[in-house]
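> Structure below; questions to follow.
The values are calculated or read from the model by the stated rules, or taken from the named source; none is laboratory data. Since this is a predicted model, take the numbers as computed values, not measurements. Ideal geometry is used to build each Cβ from the backbone, glycine not excepted, and the neighbour counts take in all protein chains shown.
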Amino acid sequence: MTEFAGLKLAQPILRAISDEGYTTPTPIQVKSIPPLLEGRDLLGVAQTGTGKTAAFALPLLHRLAGEAGKPAAKPRPKQPRALILAPTRELAGQINDSLRSYGRHLELRTAVIFGGVSARPQIQTLNRGIHVLVATPGRLLDLMNQGQVRLDAVEVFILDEADRMLDMGFIRDVKKIIAAVPARRQTALFSATMPESVQSLASGLLHDPVRVEAAPAATTVEKVEQKIFFVPKDKKRALLSELLKDQDIARVLIFTRTKHGANRVARHLEQTGISSDAIHGNKAQNARQRALDGFRSGSIRALVATDIAARGIDVEGVTHVINFELPNEPESYVHRIGRTARAGAGGVAISFCDHEERAYLRDIEKTIRQSVPVIEDHPYHAAEIANDPGLAKRGPQQTKRPSQRRRNPQRTKRAPRLAA
Ligand code: AMP
(Lines give C-alpha, C1' and ligand atoms only; values in the text may rest on other atoms or scores of the structure.)
Protein backbone atom coordinates (compact mmCIF):
# COMPACT_ATOMS: atom_id res chain seq x y z
CA MET A 1 0.00 0.00 0.00
CA THR A 2 1.33 3.43 -0.92
CA GLU A 3 1.94 5.76 1.98
CA PHE A 4 1.89 9.53 1.79
CA ALA A 5 5.56 9.54 2.80
CA GLY A 6 6.39 7.69 -0.43
CA LEU A 7 4.85 10.40 -2.58
CA LYS A 8 7.79 12.82 -2.37
CA LEU A 9 5.79 15.71 -1.01
CA ALA A 10 7.50 18.44 1.00
CA GLN A 11 7.72 17.87 4.74
CA PRO A 12 5.38 20.73 5.76
CA ILE A 13 2.71 19.23 3.48
CA LEU A 14 3.16 15.75 4.94
CA ARG A 15 2.84 17.27 8.38
CA ALA A 16 -0.44 18.97 7.41
CA ILE A 17 -1.77 15.69 5.99
CA SER A 18 -0.97 13.98 9.23
CA ASP A 19 -2.65 16.85 11.16
CA GLU A 20 -5.76 16.14 9.07
CA GLY A 21 -5.67 12.55 10.24
CA TYR A 22 -5.15 11.05 6.78
CA THR A 23 -3.13 7.88 6.96
CA THR A 24 -3.13 6.54 3.41
CA PRO A 25 -3.70 8.27 0.10
CA THR A 26 -6.90 7.44 -1.77
CA PRO A 27 -6.64 5.71 -5.19
CA ILE A 28 -7.07 8.96 -7.12
CA GLN A 29 -4.33 10.53 -5.01
CA VAL A 30 -1.96 7.61 -5.62
CA LYS A 31 -2.53 7.89 -9.35
CA SER A 32 -2.56 11.68 -9.70
CA ILE A 33 0.08 13.01 -7.35
CA PRO A 34 3.22 11.53 -9.02
CA PRO A 35 2.45 12.73 -12.58
CA LEU A 36 1.35 16.14 -11.33
CA LEU A 37 4.59 16.46 -9.35
CA GLU A 38 6.46 15.69 -12.57
CA GLY A 39 4.66 18.57 -14.24
CA ARG A 40 2.42 16.45 -16.48
CA ASP A 41 -1.07 17.50 -17.57
CA LEU A 42 -3.85 15.36 -16.16
CA LEU A 43 -7.38 14.30 -16.98
CA GLY A 44 -9.09 13.05 -13.83
CA VAL A 45 -12.38 11.20 -13.99
CA ALA A 46 -13.47 11.37 -10.39
CA GLN A 47 -16.37 12.45 -8.27
CA THR A 48 -16.45 14.29 -5.01
CA GLY A 49 -15.76 11.90 -2.19
CA THR A 50 -12.79 10.26 -3.87
CA GLY A 51 -10.26 12.69 -2.39
CA LYS A 52 -9.77 14.50 -5.70
CA THR A 53 -9.25 17.91 -4.08
CA ALA A 54 -6.12 16.77 -2.27
CA ALA A 55 -5.08 14.92 -5.45
CA PHE A 56 -4.56 18.23 -7.22
CA ALA A 57 -4.03 20.51 -4.21
CA LEU A 58 -1.04 18.68 -2.69
CA PRO A 59 1.19 18.72 -5.81
CA LEU A 60 0.17 22.31 -6.43
CA LEU A 61 1.21 23.37 -2.95
CA HIS A 62 4.43 21.40 -3.30
CA ARG A 63 5.30 23.23 -6.49
CA LEU A 64 4.55 26.67 -5.06
CA ALA A 65 6.29 25.98 -1.76
CA GLY A 66 9.63 26.24 -3.54
CA GLU A 67 12.92 24.61 -2.73
CA ALA A 68 13.25 22.90 0.60
CA GLY A 69 14.45 25.25 3.27
CA LYS A 70 13.78 28.38 1.22
CA PRO A 71 10.68 30.49 1.58
CA ALA A 72 8.15 30.50 -1.23
CA ALA A 73 8.40 33.35 -3.74
CA LYS A 74 6.59 36.46 -2.56
CA PRO A 75 2.95 36.68 -3.55
CA ARG A 76 2.23 39.26 -6.23
CA PRO A 77 -0.78 41.57 -6.17
CA LYS A 78 -3.49 40.55 -8.65
CA GLN A 79 -1.27 37.95 -10.29
CA PRO A 80 -1.84 34.42 -9.03
CA ARG A 81 0.59 31.66 -10.03
CA ALA A 82 -2.15 29.08 -9.87
CA LEU A 83 -5.79 29.27 -10.84
CA ILE A 84 -8.48 26.79 -9.83
CA LEU A 85 -11.86 27.18 -11.49
CA ALA A 86 -14.93 25.65 -9.86
CA PRO A 87 -18.58 25.85 -10.93
CA THR A 88 -20.16 26.88 -7.65
CA ARG A 89 -19.47 29.08 -4.73
CA GLU A 90 -19.77 26.15 -2.33
CA LEU A 91 -17.19 24.09 -4.16
CA ALA A 92 -14.83 27.07 -4.58
CA GLY A 93 -15.09 27.76 -0.85
CA GLN A 94 -14.39 24.14 0.01
CA ILE A 95 -11.35 23.99 -2.28
CA ASN A 96 -9.99 27.13 -0.67
CA ASP A 97 -10.56 25.65 2.80
CA SER A 98 -8.72 22.50 1.76
CA LEU A 99 -5.79 24.51 0.37
CA ARG A 100 -5.58 26.40 3.66
CA SER A 101 -5.59 23.16 5.64
CA TYR A 102 -3.02 21.36 3.52
CA GLY A 103 -0.90 24.51 3.26
CA ARG A 104 -1.08 25.49 6.91
CA HIS A 105 2.66 25.00 7.45
CA LEU A 106 3.57 26.88 4.28
CA GLU A 107 3.76 30.60 3.68
CA LEU A 108 1.38 30.61 0.76
CA ARG A 109 -1.51 32.95 0.23
CA THR A 110 -4.73 31.75 -1.30
CA ALA A 111 -7.91 33.64 -2.12
CA VAL A 112 -11.35 32.65 -3.27
CA ILE A 113 -13.66 34.79 -5.38
CA PHE A 114 -17.27 34.10 -6.37
CA GLY A 115 -20.39 36.00 -7.28
CA GLY A 116 -23.43 36.86 -5.21
CA VAL A 117 -21.46 38.81 -2.61
CA SER A 118 -19.66 42.15 -2.62
CA ALA A 119 -16.49 42.18 -4.73
CA ARG A 120 -14.72 44.74 -2.55
CA PRO A 121 -13.17 42.42 0.07
CA GLN A 122 -12.16 40.04 -2.71
CA ILE A 123 -10.38 42.87 -4.55
CA GLN A 124 -8.60 43.88 -1.36
CA THR A 125 -7.35 40.33 -0.87
CA LEU A 126 -6.11 40.21 -4.46
CA ASN A 127 -4.26 43.48 -3.95
CA ARG A 128 -2.47 42.18 -0.90
CA GLY A 129 -0.87 39.52 -3.09
CA ILE A 130 -1.78 35.88 -3.66
CA HIS A 131 -0.19 32.67 -4.86
CA VAL A 132 -3.35 30.67 -5.56
CA LEU A 133 -6.72 31.92 -6.72
CA VAL A 134 -9.85 29.78 -6.52
CA ALA A 135 -12.71 31.24 -8.53
CA THR A 136 -16.08 30.72 -10.14
CA PRO A 137 -16.05 31.77 -13.81
CA GLY A 138 -18.48 34.73 -13.72
CA ARG A 139 -16.87 36.70 -10.93
CA LEU A 140 -13.40 35.96 -12.24
CA LEU A 141 -14.28 37.41 -15.64
CA ASP A 142 -15.82 40.49 -14.01
CA LEU A 143 -12.69 41.16 -12.02
CA MET A 144 -10.46 40.46 -15.02
CA ASN A 145 -12.44 43.00 -17.03
CA GLN A 146 -12.04 45.52 -14.24
CA GLY A 147 -8.28 44.95 -14.25
CA GLN A 148 -8.37 43.50 -10.72
CA VAL A 149 -6.89 40.13 -11.72
CA ARG A 150 -4.31 39.22 -14.35
CA LEU A 151 -3.78 35.65 -15.42
CA ASP A 152 -0.48 36.10 -17.26
CA ALA A 153 1.57 34.66 -14.41
CA VAL A 154 -0.50 31.49 -14.09
CA GLU A 155 1.72 28.38 -14.18
CA VAL A 156 -0.86 25.87 -13.01
CA PHE A 157 -4.46 25.84 -14.14
CA ILE A 158 -7.03 23.45 -12.66
CA LEU A 159 -10.57 23.05 -13.86
CA ASP A 160 -12.70 21.20 -11.34
CA GLU A 161 -16.07 19.56 -12.04
CA ALA A 162 -15.84 20.39 -15.72
CA ASP A 163 -19.04 18.50 -16.55
CA ARG A 164 -21.00 20.54 -14.11
CA MET A 165 -19.37 23.73 -15.33
CA LEU A 166 -20.72 22.97 -18.80
CA ASP A 167 -24.13 21.84 -17.46
CA MET A 168 -24.43 25.22 -15.81
CA GLY A 169 -23.78 27.02 -19.07
CA PHE A 170 -20.32 28.38 -18.27
CA ILE A 171 -18.63 27.22 -21.46
CA ARG A 172 -18.19 30.68 -22.98
CA ASP A 173 -16.85 32.13 -19.76
CA VAL A 174 -14.49 29.20 -19.37
CA LYS A 175 -13.18 29.63 -22.90
CA LYS A 176 -12.50 33.32 -22.29
CA ILE A 177 -10.60 32.46 -19.14
CA ILE A 178 -8.59 29.77 -20.91
CA ALA A 179 -7.63 32.32 -23.57
CA ALA A 180 -6.20 34.56 -20.83
CA VAL A 181 -3.89 32.00 -19.19
CA PRO A 182 -0.44 31.50 -20.71
CA ALA A 183 -0.09 28.59 -23.14
CA ARG A 184 2.95 27.33 -21.24
CA ARG A 185 1.41 25.99 -18.08
CA GLN A 186 0.45 22.79 -16.33
CA THR A 187 -3.22 21.93 -16.63
CA ALA A 188 -5.46 19.44 -14.86
CA LEU A 189 -9.12 18.85 -15.61
CA PHE A 190 -11.39 16.91 -13.28
CA SER A 191 -14.86 15.72 -14.15
CA ALA A 192 -17.24 13.16 -12.67
CA THR A 193 -18.47 12.17 -16.12
CA MET A 194 -16.92 12.42 -19.57
CA PRO A 195 -19.59 13.43 -22.06
CA GLU A 196 -18.53 14.50 -25.54
CA SER A 197 -18.57 18.19 -24.55
CA VAL A 198 -16.06 17.65 -21.74
CA GLN A 199 -13.84 15.48 -23.92
CA SER A 200 -13.69 18.18 -26.53
CA LEU A 201 -12.89 20.84 -23.93
CA ALA A 202 -10.19 18.57 -22.50
CA SER A 203 -8.57 17.87 -25.85
CA GLY A 204 -8.20 21.58 -26.53
CA LEU A 205 -6.88 22.28 -23.07
CA LEU A 206 -4.56 19.46 -22.09
CA HIS A 207 -1.20 18.62 -23.55
CA ASP A 208 -0.42 14.88 -23.64
CA PRO A 209 -2.36 14.25 -20.42
CA VAL A 210 -2.19 11.30 -18.08
CA ARG A 211 -5.70 9.95 -17.64
CA VAL A 212 -6.69 8.72 -14.20
CA GLU A 213 -10.01 7.38 -13.02
CA ALA A 214 -11.46 6.59 -9.66
CA ALA A 215 -14.93 5.71 -8.57
CA PRO A 216 -15.75 6.37 -4.94
CA ALA A 217 -13.72 3.92 -2.92
CA ALA A 218 -15.28 0.52 -2.36
CA THR A 219 -14.91 1.18 1.32
CA THR A 220 -17.52 3.91 0.96
CA VAL A 221 -20.16 1.42 -0.10
CA GLU A 222 -18.97 -1.19 2.33
CA LYS A 223 -19.01 1.14 5.29
CA VAL A 224 -22.56 2.27 4.71
CA GLU A 225 -25.35 0.22 6.20
CA GLN A 226 -27.91 0.10 3.39
CA LYS A 227 -31.64 -0.60 3.66
CA ILE A 228 -34.55 -0.71 1.25
CA PHE A 229 -38.15 0.15 2.09
CA PHE A 230 -40.72 -0.93 -0.49
CA VAL A 231 -43.41 1.71 -0.29
CA PRO A 232 -46.13 3.03 -2.60
CA LYS A 233 -45.35 6.46 -4.00
CA ASP A 234 -48.20 8.17 -2.16
CA LYS A 235 -47.05 6.81 1.19
CA LYS A 236 -43.45 7.99 0.97
CA ARG A 237 -43.99 11.19 2.92
CA ALA A 238 -45.80 9.40 5.71
CA LEU A 239 -43.01 6.84 5.89
CA LEU A 240 -40.43 9.61 6.02
CA SER A 241 -42.17 11.28 8.95
CA GLU A 242 -42.44 7.93 10.68
CA LEU A 243 -38.73 7.24 10.29
CA LEU A 244 -37.72 10.69 11.44
CA LYS A 245 -39.34 10.07 14.81
CA ASP A 246 -36.07 8.26 15.49
CA GLN A 247 -33.80 10.91 16.96
CA ASP A 248 -30.73 8.86 15.99
CA ILE A 249 -31.37 10.23 12.53
CA ALA A 250 -29.67 13.42 13.61
CA ARG A 251 -28.26 14.89 10.40
CA VAL A 252 -29.96 13.54 7.33
CA LEU A 253 -29.46 14.29 3.67
CA ILE A 254 -32.57 13.43 1.66
CA PHE A 255 -32.41 13.01 -2.11
CA THR A 256 -35.15 13.63 -4.62
CA ARG A 257 -34.96 13.46 -8.40
CA THR A 258 -36.43 16.90 -9.06
CA LYS A 259 -36.22 20.41 -7.69
CA HIS A 260 -39.97 20.55 -7.11
CA GLY A 261 -39.81 17.24 -5.34
CA ALA A 262 -37.10 18.63 -3.06
CA ASN A 263 -39.22 21.67 -2.21
CA ARG A 264 -42.28 19.52 -1.52
CA VAL A 265 -40.44 17.18 0.82
CA ALA A 266 -38.79 20.06 2.69
CA ARG A 267 -42.17 21.80 3.10
CA HIS A 268 -43.78 18.61 4.33
CA LEU A 269 -41.07 18.13 6.94
CA GLU A 270 -41.32 21.71 8.14
CA GLN A 271 -45.08 21.24 8.52
CA THR A 272 -44.51 18.19 10.67
CA GLY A 273 -42.11 20.08 12.91
CA ILE A 274 -38.80 18.86 11.50
CA SER A 275 -36.30 21.61 10.77
CA SER A 276 -35.56 21.26 7.09
CA ASP A 277 -34.51 23.10 3.96
CA ALA A 278 -34.07 22.32 0.29
CA ILE A 279 -31.02 22.92 -1.87
CA HIS A 280 -31.14 22.89 -5.65
CA GLY A 281 -30.18 24.85 -8.73
CA ASN A 282 -33.22 27.15 -8.69
CA LYS A 283 -32.31 28.60 -5.35
CA ALA A 284 -30.40 31.84 -5.09
CA GLN A 285 -26.81 31.44 -4.02
CA ASN A 286 -27.36 33.01 -0.60
CA ALA A 287 -30.38 30.78 0.08
CA ARG A 288 -28.30 27.72 -0.79
CA GLN A 289 -25.48 28.87 1.43
CA ARG A 290 -27.92 29.54 4.27
CA ALA A 291 -29.36 26.04 3.96
CA LEU A 292 -25.90 24.52 3.90
CA ASP A 293 -24.69 26.56 6.88
CA GLY A 294 -27.80 25.57 8.83
CA PHE A 295 -27.23 21.93 8.02
CA ARG A 296 -23.58 22.15 9.05
CA SER A 297 -24.31 23.93 12.31
CA GLY A 298 -27.13 21.53 13.19
CA SER A 299 -29.98 24.06 13.15
CA ILE A 300 -31.36 22.15 10.15
CA ARG A 301 -31.80 18.44 10.74
CA ALA A 302 -32.90 17.42 7.25
CA LEU A 303 -31.46 18.85 4.06
CA VAL A 304 -33.33 17.87 0.91
CA ALA A 305 -31.26 17.95 -2.27
CA THR A 306 -31.17 17.02 -5.92
CA ASP A 307 -28.14 15.16 -7.25
CA ILE A 308 -26.74 18.17 -9.05
CA ALA A 309 -27.04 20.46 -6.03
CA ALA A 310 -25.46 17.91 -3.74
CA ARG A 311 -22.37 17.50 -5.86
CA GLY A 312 -19.39 19.07 -4.26
CA ILE A 313 -21.06 19.50 -0.92
CA ASP A 314 -18.91 18.15 1.84
CA VAL A 315 -20.64 18.10 5.21
CA GLU A 316 -19.17 16.10 8.02
CA GLY A 317 -21.23 13.98 10.35
CA VAL A 318 -24.13 13.13 8.04
CA THR A 319 -25.64 10.24 10.02
CA HIS A 320 -28.15 9.16 7.37
CA VAL A 321 -28.81 9.47 3.68
CA ILE A 322 -32.40 8.88 2.60
CA ASN A 323 -33.16 8.26 -1.05
CA PHE A 324 -36.73 9.54 -1.10
CA GLU A 325 -36.58 8.71 -4.78
CA LEU A 326 -34.05 6.35 -6.28
CA PRO A 327 -31.75 7.77 -8.92
CA ASN A 328 -32.01 6.39 -12.45
CA GLU A 329 -28.23 6.16 -12.70
CA PRO A 330 -26.61 3.61 -10.39
CA GLU A 331 -23.47 5.75 -10.10
CA SER A 332 -25.58 8.46 -8.49
CA TYR A 333 -26.69 5.99 -5.85
CA VAL A 334 -23.08 5.23 -4.95
CA HIS A 335 -22.34 8.91 -4.95
CA ARG A 336 -25.34 9.77 -2.78
CA ILE A 337 -24.71 7.16 -0.11
CA GLY A 338 -21.07 8.24 0.03
CA ARG A 339 -22.30 11.47 1.64
CA THR A 340 -22.54 9.58 4.87
CA ALA A 341 -19.47 7.56 5.83
CA ARG A 342 -17.16 10.44 4.94
CA ALA A 343 -13.47 10.06 5.58
CA GLY A 344 -13.77 6.60 7.00
CA ALA A 345 -16.78 7.04 9.29
CA GLY A 346 -19.81 4.73 9.10
CA GLY A 347 -23.35 5.73 8.16
CA VAL A 348 -26.79 4.53 7.15
CA ALA A 349 -28.44 4.83 3.73
CA ILE A 350 -32.18 4.25 3.50
CA SER A 351 -33.85 3.98 0.10
CA PHE A 352 -37.54 4.22 -0.67
CA CYS A 353 -38.51 2.18 -3.68
CA ASP A 354 -41.94 2.46 -5.28
CA HIS A 355 -43.33 0.36 -8.07
CA GLU A 356 -41.89 2.46 -10.86
CA GLU A 357 -38.43 2.48 -9.31
CA ARG A 358 -38.08 -1.28 -9.10
CA ALA A 359 -35.90 -1.41 -12.22
CA TYR A 360 -33.62 1.32 -10.88
CA LEU A 361 -33.05 -0.74 -7.77
CA ARG A 362 -32.16 -3.76 -9.86
CA ASP A 363 -29.54 -1.75 -11.79
CA ILE A 364 -28.14 -0.34 -8.55
CA GLU A 365 -27.77 -3.77 -6.98
CA LYS A 366 -25.97 -4.97 -10.09
CA THR A 367 -23.56 -2.05 -9.93
CA ILE A 368 -22.76 -2.37 -6.25
CA ARG A 369 -22.69 -6.15 -6.59
CA GLN A 370 -24.80 -6.76 -3.54
CA SER A 371 -28.46 -6.97 -2.76
CA VAL A 372 -29.63 -4.40 -0.28
CA PRO A 373 -31.50 -5.76 2.75
CA VAL A 374 -35.22 -5.07 2.71
CA ILE A 375 -36.96 -3.73 5.81
CA GLU A 376 -40.52 -5.03 5.96
CA ASP A 377 -41.32 -4.06 9.48
CA HIS A 378 -43.02 -0.72 8.86
CA PRO A 379 -46.63 0.36 8.34
CA TYR A 380 -46.33 1.02 4.61
CA HIS A 381 -44.55 -2.08 3.38
CA ALA A 382 -45.82 -3.00 -0.10
CA ALA A 383 -45.28 -6.69 -0.75
CA GLU A 384 -46.38 -6.40 -4.37
CA ILE A 385 -43.42 -4.12 -5.10
CA ALA A 386 -41.07 -6.48 -3.33
CA ASN A 387 -42.30 -9.38 -5.43
CA ASP A 388 -42.01 -7.59 -8.75
CA PRO A 389 -38.50 -7.96 -10.18
CA GLY A 390 -38.92 -4.72 -12.15
CA LEU A 391 -39.18 -4.00 -15.83
CA ALA A 392 -36.93 -5.99 -18.08
CA LYS A 393 -34.34 -3.80 -19.71
CA ARG A 394 -35.98 -2.18 -22.71
CA GLY A 395 -34.77 -0.32 -25.71
CA PRO A 396 -35.18 3.46 -25.64
CA GLN A 397 -38.41 3.46 -27.69
CA GLN A 398 -40.16 1.19 -25.27
CA THR A 399 -38.79 2.70 -22.14
CA LYS A 400 -41.62 3.58 -19.85
CA ARG A 401 -39.66 4.62 -16.89
CA PRO A 402 -41.23 7.42 -14.95
CA SER A 403 -39.60 10.76 -15.36
CA GLN A 404 -36.15 10.45 -16.78
CA ARG A 405 -34.53 8.06 -19.12
CA ARG A 406 -31.02 7.05 -18.53
CA ARG A 407 -28.94 9.68 -20.23
CA ASN A 408 -26.42 7.19 -21.43
CA PRO A 409 -27.48 3.56 -21.38
CA GLN A 410 -23.90 2.45 -22.06
CA ARG A 411 -22.80 3.56 -18.67
CA THR A 412 -24.66 0.94 -16.73
CA LYS A 413 -23.19 -1.80 -18.87
CA ARG A 414 -19.68 -0.80 -17.95
CA ALA A 415 -18.11 -3.03 -15.35
CA PRO A 416 -18.23 -1.26 -12.01
CA ARG A 417 -14.98 0.13 -10.78
CA LEU A 418 -15.85 0.37 -7.17
CA ALA A 419 -12.55 -0.92 -6.01
CA ALA A 420 -10.50 1.39 -8.23
P1 AMP B 1 -13.01 15.23 -2.03
O2 AMP B 1 -13.31 14.09 -2.95
O3 AMP B 1 -11.82 15.98 -2.41
O4 AMP B 1 -14.23 16.10 -1.88
O5 AMP B 1 -12.70 14.62 -0.57
C6 AMP B 1 -13.64 13.88 0.14
C7 AMP B 1 -13.34 13.82 1.64
O8 AMP B 1 -12.28 12.91 1.89
C9 AMP B 1 -12.93 15.13 2.27
O10 AMP B 1 -13.67 15.25 3.47
C11 AMP B 1 -11.46 14.98 2.56
O12 AMP B 1 -11.11 15.70 3.71
C13 AMP B 1 -11.32 13.49 2.78
N14 AMP B 1 -10.01 12.94 2.35
C15 AMP B 1 -9.29 13.28 1.26
N16 AMP B 1 -8.17 12.54 1.18
C17 AMP B 1 -8.18 11.69 2.22
C18 AMP B 1 -7.29 10.65 2.67
N19 AMP B 1 -6.18 10.34 2.00
N20 AMP B 1 -7.63 9.99 3.79
C21 AMP B 1 -8.78 10.28 4.46
N22 AMP B 1 -9.65 11.24 4.09
C23 AMP B 1 -9.37 11.95 2.98
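> Given the conditions (1) over 23 Å from the mean Cα position of the chain (by Cα); (2) more than 26 Å from Arg211 (Cβ to Cβ); (3) assigned to a loop (DSSP other than H, G, I, E, B), which single one is not true for Leu14?
(3)
> Among Gly39, Gly44, Gly21, Gly6, which is small (Gly, Ala, Ser), within 12 Å of the ligand (Cβ to nearest atom) and more than 19 Å from the chain's Cα centre (by Cα)?
The conditions single out Gly21.
> Among the residues of segment 332-370 satisfying the criterion of being modelled with pLDDT under 90 and small (Gly, Ala, Ser), which is nearest to the ligand (Cβ to nearest atom)?
Ala343
> If you take the residues in segment 118-132 that are among the β-branched types (Val, Ile, Thr) and touching a residue at least 24 places away in the same chain (Cβ under 8 Å), which one is nearest to Glu155 (Cα to Cα)?
The residue in question is Val132.
> In segment 76-88, is there at least one residue being over 24 Å from Ile177 (Cβ atoms) and in contact (Cβ under 8 Å) with a residue 60 or more places away in the chain?
Let us first name the residues in segment 76-88 that are over 24 Å from Ile177 (Cβ atoms), namely none.
The answer is no, given that none of the residues of segment 76-88 is over 24 Å from Ile177 (Cβ atoms) and in contact (Cβ under 8 Å) with a residue 60 or more places away in the chain.
> Only one residue in Ala284, Ala192, Ala188 is within 26 Å of Leu159 (Cα to Cα), surrounded by fewer than 15 Cβ atoms within 10 Å (Cβ to Cβ) and among the aliphatic types (A, V, I, L, M). Which one?
On the way: Ala192 fails: surrounded by fewer than 15 Cβ atoms within 10 Å (Cβ to Cβ); Ala188 fails: surrounded by fewer than 15 Cβ atoms within 10 Å (Cβ to Cβ).
Testing whether each residue is within 26 Å of Leu159 (Cα to Cα), surrounded by fewer than 15 Cβ atoms within 10 Å (Cβ to Cβ) and among the aliphatic types (A, V, I, L, M) leaves just Ala284.
> Gly66 - would you say it is surrounded by fewer than 19 Cβ atoms within 10 Å (Cβ to Cβ), over 21 Å from the mean Cα position of the chain (by Cα) and among the small types (Gly, Ala, Ser)? Spell out how you get there, then give the answer.
On the way: surrounded by fewer than 19 Cβ atoms within 10 Å (Cβ to Cβ): yes; over 21 Å from the mean Cα position of the chain (by Cα): yes; among the small types (Gly, Ala, Ser): yes.
Here the answer is yes, as Gly66 does meet what is asked.
> Related question: Exactly one of these conditions fails for Ala82: (1) within 14 Å of the ligand (Cβ to nearest atom); (2) touching a Phe, Trp or Tyr at 6+ places or on another chain (Cβ under 9 Å). Give me its number.
Failing condition for Ala82: (1).
> Take Pro34 and decide whether it is within 14 Å of the ligand (Cβ to nearest atom) and assigned by TED's automatic domain parsing to the domain that holds Arg100.
no
> Same structure, new question: What number of residues within segment 175-185 satisfy the criterion of being in contact with a strand residue (DSSP E or B) (Cβ under 9 Å, 6 or more places away or on another chain), surrounded by fewer than 21 Cβ atoms within 10 Å (Cβ to Cβ) and among the aliphatic types (A, V, I, L, M)?
2
> For Arg63, work out the one condition from (1) of a type in the set (Lys, Arg); (2) within 16 Å of the ligand (Cβ to nearest atom); (3) assigned to a helix (DSSP H, G or I) it doesn't fulfil.
(2)
> Considering each residue of segment 301-323, count those that are crowded, with 21+ Cβ neighbours inside 10 Å, at pLDDT 85 or above and not β-branched (Val, Ile, Thr), and give that number.
Total meeting the criteria: 5.
Residue-by-condition table, conditions (1) of a type in the set (S, T, N, Q); (2) touching a His at 6+ places or on another chain (Cβ under 9 Å):
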residue	(1), (2)
Gly169	no, no
Ile178	no, no
Arg184	no, no
Met194	no, no
Gln199	yes, no
Leu206	no, no
Glu222	no, no
Phe229	no, yes
Asp234	no, no
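> Looking at (1) crowded, with 24+ Cβ neighbours inside 10 Å; (2) farther than 23 Å from Ala153 by Cα, can you tell me which one Leu36 breaks?
Condition not satisfied by Leu36: (2).
> Out of the residues in segment 237-265 that are in a helix (DSSP H, G or I) and surrounded by 21 or more Cβ atoms within 10 Å (Cβ to Cβ), which is nearest to the chain's Cα centre (by Cα)?
Ala262
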